[in-house]
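Written below as structure tokens is the structure these notes are about.
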Amino acid sequence: MTSAFQPHPEMLRILDLHSFYGESHILHGIDLKVARGECITLLGRNGSGRSTTLKSILGLVGRRSGSIMVNGKEVIDEPTHRMARYGIGYVPEERAIFASLSTEENLMLPPQVATGGMSLDEIYGMFPNLLERRNSPGTKLSGGEQQMLAMARVLRTGAKLLLLDEITEGLAPVIVKKLGEVITELKKRDFTIVMVEQNFRFAAPLADRHYVLEHGEIIATIPAAELPQKMDWLHQTLGV
Amino acid sequence: MEIFGVPSALLGSQLLVGLINGSFYAILSLGLAIIFGLLNIINFAHGAQYMMGAFVAWIALTKFGINYWVALLVAPIVVGALGVLLERTMLRKLYKLDHLYGLLLTFGLALIFEGVFRDQYGISGQSYPVPELLEGGVNLGFMYLPIYRGWIVIAALAVCFGTWFMIEKTKLGAYLRAGTENPQMVQALGINVPLLITFTYGYGVALAAFAGVLAAPVYQVNPLMGSNLIIVVFAVVVIGGMGSIMGAILTGLGLGLIEGLTRVFYPEGSAVVVFIIMVIVLLVRPAGLFGKA
């Protein structure tokens, strides 16, 4: 459907990204790259700029500068509503399920941006609860079901780069386990995933690489293989 | 035949007048509710846009010989297009500011529009003939029903419920409802919200113009016809609940009927009954009868 999906080995490359909310300078030159099919995490304390990085990619901040390449194309000047067409699916921290829409209306809301999105049958196969609750208002779902709906909503569109913001926050362990299985399945299907995650035990076995942020800057990049040696430093830095 | 000591013909005719007024309240408050829901703008120019709809129909007939049925389509498109222009050039700059700025801007625009029409056509009303097809009336036994007035009610109900259906049951409506709740997230999902906002304002304005064309044959077409009505319509929106679509429709029709009944049983109160109800609703249920707190 769009040339954005011609394969490019680098799905996301960010160079010297600065972001501002009004007069506040939040991100101070973020650099990162994510290859197709990789899963990375953004780690850091509250206020370190992790969620703002995801929002900056989408243009949901007041002002941004630098370079954001998605699938080999520069998108920094694109308006927010065009970003989905580059194959980006965003699951925000607050889930953003629309109260005035039913579960299925929420699911069907985003336009399909590319071929290869999951069919409704596949989605209901992955999240059976949503099938049972498909006529319920979106906000009558439990927290876990809302999170599944927020994930399912972007999987239907054909998005191949997923930006997931704190998807395990406030959820029961059994739901967190289910989301871990979903991420593993998505990795097998060659999705590229950028996760902001507080739950390090959830993220550690899933991610190929970890970026640690502090005061709007990346202070460390830790490949999964080096994680065991860096655990003490990480615990100290993140305060977990 | 009498009902509660009132001749049925009098009661029926006043209820009909109430229903007709209620039809105008419903269309106009529906437009206001849609605009407020997505744009967060209290569109004070709505009355002037209703007046412009009537004037476009009158000018189309007197200058170009365009008949009522064509005007019913053309006037909303012309005035709606003007609305689109206003949204693109002015209102767009105010979305991030307090409601008050939008209200002040649209109030100023309403005064300018009214001033221009007063300058061109004066304040004495222009008459617009009832279309030939809808002339005459029907004797219902207990009252005489002018066909055009019956048409107003039918056309208004069709437009109101058509709009309700579009918003509640279609994909475009789902975009509108979602955009009303969280426009940033809707944009992040790939929907062109700025275009949706422009369409919404244009449609809301077109609804006002449609009501203006409907009103042209029953009221005098004059530059102040909108400002006389708009205050009552704002009261209707407050009673129904800001941003509630079905609330705007049902409250508009209901208050029109209550006004009609008041005119029969306590004529002195008919001009203020809507405002009395508004005060009571604000005290008891500040979010309005159909609004969400």
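Quick note: the coordinates plus some simple rules give every number you see, no bench work behind them. Keep in mind that what you see is a predicted model, and the values were worked out from it rather than measured. Here the Cβ positions follow ideal geometry from the backbone for every residue, glycine too, while neighbour counts run over all protein chains shown.
Quick notes on this one:
- Selected from B:LEU253, B:LEU283, B:LEU133 as most flexible by GNM, with chain B as the system and alpha-carbon contacts under 10 Å: B:LEU133
- Point-charge dipole on Cβ atoms (K/R +1, D/E -1) for region A:3-238, about Cα centre, debye to 20: 320 debye
- For A:LEU12, the residues whose amide H sits under 5 Å from its own are A:VAL34, A:ASN71, ignoring neighbours fewer than 5 places away on the same chain, with H placed 1.01 Å from N.
- Modelled this way, with points 7 Å down the Cα-to-C-beta line, the labels at A:GLU10 and A:ASN135 are 5.1 nm from one another.
- DSSP assigns beta bridges within chain A; of those with both partners inside it, close to 60 percent run antiparallel.
- Mean-square fluctuations from a GNM of chain B, with a 10 angstrom spring cutoff on Cα atoms, peak among B:SER23, B:SER127, B:SER227 at B:SER127.
- Zone of B:LYS169's modelled label, taken as backbone nitrogen in region B:228-260 under 19 Å from a point 7 Å along Cα→Cβ: B:245-250
- Inter-part distance where region A:33-53 and region B:232-258 are each reduced to a Cα centre, Å: 48 Å
- Within a Gaussian network of chain B (alpha carbon springs, distance under 10 Å), most fluctuating of B:ALA110, B:ALA271, B:ALA26: B:ALA271
- Distance-filtered residues of region B:58-101 - backbone nitrogen under 17 Å, label point 7 angstrom along B:LEU133 Cα→Cβ: B:61, B:66-76
- Checking every one of the trypsin sites (Lys or Arg not before Pro) in region B:76-160 against DSSP loop status and a limit of 11 other Cβ atoms within 10 Å picks out B:LYS96.
- The distance linking region B:136-194 with region A:62-95 is 35 Å (Cα centroid to Cα centroid, whole angstrom).
- Candidate lysines for bridging to B:LYS96, where Cα separation is under 24 Å - those fewer than 8 sequence places away on the same chain excluded: A:LYS55, B:LYS292
- Alpha-carbon centroids, region A:167-204 and region B:40-83: separation in whole Å: 55 Å
- Ignoring aspartates and glutamates fewer than eight residues from B:LYS63 along the same chain, none have Cα atoms less than 12 angstrom from its Cα.
- Amide hydrogen neighbours beyond the local backbone of B:ASN222, cut-off 5 Å, H modeled: B:GLN126
- Rounded to the nearest whole Hz, the Karplus-based 3J(HN,Hα) values (6.51 cos²θ - 1.76 cosθ + 1.60, θ = phi - 60°) of region B:102-118 follow the sequence x, 4, 5, 4, 5, 5, x, 4, 4, 5, 5, 4, 5, x, 4, 5, 5, with x at glycine and proline.
- Shape of region B:27-140 from the C-alpha gyration tensor: prolate (a/c of 1.5 or more and a/b above b/c, with a ≥ b ≥ c the square roots of its eigenvalues).
- Using θ = phi - 60° and Karplus 6.51 cos²θ - 1.76 cosθ + 1.60, couplings along region A:107-112 (whole Hz; Gly, Pro as x): 5, 8, 4, x, x, 6
- Think of it as helices only: each DSSP H run of n ≥ 4 in chain A is worth -39500 (n - 2.57), and spread over all residues that comes to -8500 deg cm²/dmol at 222 nm.
- Those chymotrypsin sites (Phe, Trp or Tyr not before Pro) in region A:1-108 that DSSP places in a loop and that have at most 16 other beta carbons within 10 Å: none
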